[in-house]
Amino acid sequence: MKVDNNKLAYILPNFFTAASIFLGVLSIFASIAHNYEKAMMFIILSLICDGLDGRVARLTNATSKFGVEFDSLADIVAFGVAPAMLFYFNLANEFGRLGVLASALFIIFGAIRLARFNVTTGTYEPNVFIGLPIPTAAVVLSIWVVFVKDYNFENKIILFFVIALAFLLSFLMVSNVRYPSFKKLEFKKANILKTLIIIIFVASLIYLKPLEIFTFIVSLYTLYGIARAIYNLYIKKKVKNNER
């Protein structure tokens, strides 16, 4: 029996999208069962599947409107509902209505972010995201929630910080803050060795302290967009005004 390669190329990326939804659902069940680290790992695995579906679709020239819509629905489950449930059951439920609001807004603004991305794709440069991508926001929130609980930070100030972080991530998703997309990285031959050394160094740190290093990396990425926006909005304007 012959296998139609065109059909296989169409099915494969959608399989990864379906896997992303499945992992998101597993994360929700793990959060309900109070297995928070497992819930976080399912979200990270879902992120990997989410990255693979788009790349496989582009490599096989199997991109489609169905795939785009299916991917968005997968993202709202895996990176909207799943991290919100992890956040709520692990920490936010201690804050009553404030915790409910923070969890709900994360999902709602995540859905708005996905809808805006779908209608504006191709209207701006491909090497940036307008607004924090929902998968990144999901990983940042999940990792911080687990990090705080893993170190038994019961101080109310620290817990309020995570609540504030959820609101901040929700705002960043629907903002015009620009973030690098890393979709079209081009490495020059002269920089390959340096890049390899950096990757090995970072991988070594992750091996020693995975939760801490991942928390630092995703937080740095989030802060980069904010710092860049502040620089462009205020400092760059001041420099231009002084030059006139």
Practice item. Confirm whether residue 105 is touching a strand residue (DSSP E or B) at 6+ places or on another chain (Cβ under 9 Å) and at pLDDT 85 or above. Key: no
Practice item. State which residue is most open to solvent (accessible area, probe 1.4 Å) when the search covers only segment 39-79 and only residues that are outside any loop (DSSP other than H, G, I, E, B), in contact with a Pro (Cβ under 7 Å, 6 or more places away or on another chain) and aliphatic (A, V, I, L, M). Key: 47
Practice item. Test residue 119 against the criterion of being under 29 Å from residue 13 (Cα atoms), assigned to a helix (DSSP H, G or I) and out of contact with any helix residue (DSSP H, G or I) (no Cβ under 9 Å at 6 or more places or on another chain), and give yes or no. Key: yes
Check your understanding: When segment 161-187 is examined, which residues are found to be within 26 Å of residue 81 (Cβ to Cβ), open to solvent by 50 Å² or more (accessible area, probe 1.4 Å) and either modelled with pLDDT of 80 or more or part of a helix (DSSP H, G or I) (or both)?
Key -> 161, 164, 167, 168, 171, 176
Review point. What do you reckon, is residue 19 more than 27 Å from residue 175 (Cβ to Cβ), in contact with a Cys (Cβ under 6 Å, 6 or more places away or on another chain), assigned to a helix (DSSP H, G or I) and open to solvent by less than 40 Å² (accessible area, probe 1.4 Å)?
Key: yes
Practice item. From (1) open to solvent by 40 Å² or more (accessible area, probe 1.4 Å); (2) among the small types (Gly, Ala, Ser); (3) under 15 Å from the mean Cα position of the chain (by Cα), pick out the condition that doesn't hold for residue 33. Key: (3)
Point to revise | Residues (under 19 Å from residue 40 (Cβ atoms), open to solvent by less than 90 Å² (accessible area, probe 1.4 Å) and not β-branched (Val, Ile, Thr)) located in segment 149-160 | key: 149, 150, 153, 159
Review point. Which ones in segment 65-79 are in contact with a helix residue (DSSP H, G or I) (Cβ under 7 Å, 6 or more places away or on another chain) and closer than 15 Å to residue 16 by Cβ?
Key: 67, 68, 70, 71, 72, 74, 75, 77, 78, 79
Review point. If you check 13, 83, which single one turns out to be open to solvent by less than 60 Å² (accessible area, probe 1.4 Å), in contact (Cβ under 8 Å) with a residue 40 or more places away in the chain and within 23 Å of residue 141 (Cα to Cα)?
Key: 83
Point to revise | Of all residues making up segment 132-146, the number that are outside any helix (DSSP H, G or I) and either basic (Lys, Arg) or surrounded by 24 or more Cβ atoms within 10 Å (Cβ to Cβ) (or both) | key: 1
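The values are calculated or read from the model by the stated rules, or taken from the named source; none is laboratory data. These numbers come from a predicted model, not from an experiment. Glycine also receives a Cβ, built like all others from the backbone with ideal geometry; neighbour counts cover every protein chain displayed. With ligands, DNA and RNA removed, areas are computed over all heavy atoms of the protein, side chains included. Shrake-Rupley method; radii C 1.70, N 1.55, O 1.52, S 1.80 Å.
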